[in-house]
Amino acid sequence: MTAPLPRLALRIMNSEAHGGPDHAELARLGLRPEDILDFSVSTNAYGPPPAVATAITAAFATAEVTRYPDRDATALRRALADRMDVAAEQVLVGNGAAELIWLIALAYLRPGDTAFVIGPTFGEYRAASQVMGVQASEWRASADDDFAIHEEAVMAALRQAQPRVVWLCNPNNPTGTYLGPDAWTRLRAAAPDALWVIDEAYRPFLDDPWPSPFPIEEGVVLLRSLTKDCALAGLRLGYALGAASTIQALAAAQPPWSVNSLAQAAGVAAVNDYTHVARTTAELRAQALALGQALRQRGWRVVPSTTHFMLVEVGDAASVRACLLREHHIQVRDCASFGLPQFIRVAARRPDENARLVAALGEASPREQ
Ligand SMILES: Cc1ncc(COP(=O)(O)O)c(C=O)c1O
């Protein structure tokens, strides 16, 4: 007897590396996730809005967790629609933006299609494309000029690839580059028939973002995450904004009940209590500038970034990461999975925590790398 093998696309896939605690690794080192100062995830180090804890406690008190969640996340969808000034039919809530990326691939990509990315970028675009039997074609920015995006070259690559889906991370993880409205308009004109997915997971951490392409036309989807700015990574929460027809297609591909009731309650509370998030994301951006400056003063090459995370060239990122974790209980993102084994990515935290990172990195002198 031979049991069926999984689909070929799955058998040849590598799982994507991500920041955040590797629980097995920490257990080997005798550490717990709460012992770690984590610079490897780019979430809000000031935590969620205070209203979130109250909302979750109330959800428990009313036995919310004993019932199936609202499949349509109606209250959260409405709160987001009001805040974005769009119709509720233009919003889909997902179990993190990551789920929405996979839903887009499931709903729109067919074997033989082409997807397109501007690399180096977030790995789930490639993974979600691959699982549908689609290779992502890439135009890749270079470390030599701080990962600048060369518009003409990207446009030529787009015209050649004729992609069905373009994954555009803006601002980009891990480089921190950010395309403005003019660049966006020109790039889109090079692949006007594609579905353009603009992943704005880190938009709340920008100093002065442009308003995004509103009203959202057919052929454009915006992805937002509540796990970063609202610090709800453990609850998982994100949303997509798009034309009602696109949102309907993504909803059709979504498993039922994928957004749990605690996440929905937390999301409503967070959206209605955004003052804390607005203040703390602005602080983190200022602290990122200070952190970058402190590292540069000590001789490190830090790639200029528009957001609160940045790439730092350290030579051998894997060993620097391992050393920081083992010796200092500090976690940074080794960027080897982005094809950048000489870089780590760090996201700014509170000033005293950033100072600990600078001191710990100081023990690995940049001049020795
Ligand atoms: C660019 C980008 N998009 C989406 C995600 C996933 O976000 P979520 O936690 O909402 O699934 C991440 C997470 O690291 C990310 O970096």
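Sort out which residues of the stretch 134-168 are acidic (Asp, Glu) and either assigned to a helix (DSSP H, G or I) or free of Cβ contacts under 8 Å to residues at least 24 places away in the same chain (or both), and write them in order of number.
Our first condition is that a residue be acidic (Asp, Glu); within the stretch 134-168, this holds for 138, 144-146, 151-152.
Matches in the stretch 134-168: Glu138, Asp144, Asp145, Glu151, Glu152.
Is the stretch 76-86 home to any residue that is within 15 Å of the ligand (Cβ to nearest atom) and within 21 Å of Gln264 (Cβ to Cβ)? Steps first, answer last, please.
The initial filter retains those residues of the stretch 76-86 that are within 15 Å of the ligand (Cβ to nearest atom), namely 76, 80.
Next, only the ones that are within 21 Å of Gln264 (Cβ to Cβ) stay: 76, 80.
Yes: the stretch 76-86 contains one or more residues that are within 15 Å of the ligand (Cβ to nearest atom) and within 21 Å of Gln264 (Cβ to Cβ).
Taking the stretch 9-67, which residues are within 16 Å of the ligand (Cβ to nearest atom), farther than 14 Å from Arg321 by Cβ and either within 19 Å of the chain's Cα centre (by Cα) or among the basic types (Lys, Arg) (or both)?
The answer is Ser15, Glu16, Ser42, Thr43, Asn44, Ala45, Gly47, Pro48.
From Ala317, Ala347, grab the single residue that is within 17 Å of His18 (Cβ to Cβ) and in contact with a His (Cβ under 6 Å, 6 or more places away or on another chain). I'd like the intermediate steps shown before the answer.
Working: Ala317 fails: in contact with a His (Cβ under 6 Å, 6 or more places away or on another chain).
On inspection, the qualifying residue turns out to be Ala347.
Out of curiosity, is Gly242 under 18 Å from Glu89 (Cβ atoms), at pLDDT 95 or above and in contact with a helix residue (DSSP H, G or I) (Cβ under 7 Å, 6 or more places away or on another chain)? Reasoning before the result, please.
Numbers: under 18 Å from Glu89 (Cβ atoms): yes; at pLDDT 95 or above: yes; in contact with a helix residue (DSSP H, G or I) (Cβ under 7 Å, 6 or more places away or on another chain): yes.
Answer is yes for this residue.
Which ones in the stretch 212-234 are of a type in the set (S, T, N, Q) and more than 18 Å from Trp167 (Cβ to Cβ)? Break it down into steps so the answer makes sense when it comes.
From the stretch 212-234, those of a type in the set (S, T, N, Q) are 212, 225, 227; that's our starting set.
Scanning the stretch 212-234 gives a single hit, Thr227.
Please pick out the residue among Glu217, Glu151 that is more than 15 Å from the ligand (Cβ to nearest atom), at negative phi and modelled with pLDDT under 95.
Numbers: Glu151 fails: modelled with pLDDT under 95.
Only one candidate qualifies: Glu217.
Could you please tell me which pairs satisfy a Cβ distance under 8 Å, a separation of 6+ or placement on different chains, a first residue in the stretch 288-315 that is at positive phi and surrounded by fewer than 18 Cβ atoms within 10 Å (Cβ to Cβ), and a second residue that is in a loop (DSSP other than H, G, I, E, B) and modelled with pLDDT of 95 or more?
What qualifies is Gly315/Gln342.
Could you tell me which numbered condition Val277 fails, if it satisfies all but one of (1) within 15 Å of the ligand (Cβ to nearest atom); (2) hydrophobic (A, V, I, L, M, F, W, C); (3) part of a loop (DSSP other than H, G, I, E, B)?
Answer for Val277: the failing condition is (3).
Just to check your reading of the model, which residue among Leu106, Leu92 is at pLDDT 95 or above, more than 14 Å from the ligand (Cβ to nearest atom) and either within 20 Å of the chain's Cα centre (by Cα) or buried (at least 18 other Cβ atoms within 10 Å of the Cβ) (or both)?
Leu106
Taking the stretch 100-123 on its own, how many of its residues are over 19 Å from Arg11 (Cβ atoms) and part of a helix (DSSP H, G or I)?
Kept after step one, since they are over 19 Å from Arg11 (Cβ atoms), are these residues of the stretch 100-123: 100-101, 103-104, 107-108, 110, 113-122.
Okay, now just the ones that are also part of a helix (DSSP H, G or I), so 100-101, 103-104, 107-108.
Matching residues across the stretch 100-123 total 6.
Checking Val131 against (1) within 23 Å of Gln248 (Cα to Cα); (2) touching a strand residue (DSSP E or B) at 6+ places or on another chain (Cβ under 6 Å), only one condition comes out false. Which one?
Here Val131 clears every test but (2).
How many residues does the stretch 225-273 contain that are at negative phi and in a loop (DSSP other than H, G, I, E, B)?
Number of matching residues: 18.
The values are calculated or read from the model by the stated rules, or taken from the named source; none is laboratory data. The structure presented is a predicted model; accordingly, all values stated were derived computationally and were not measured. Every residue, glycine among them, receives a Cβ derived from its backbone with ideal geometry; neighbour counts consider all protein chains shown.
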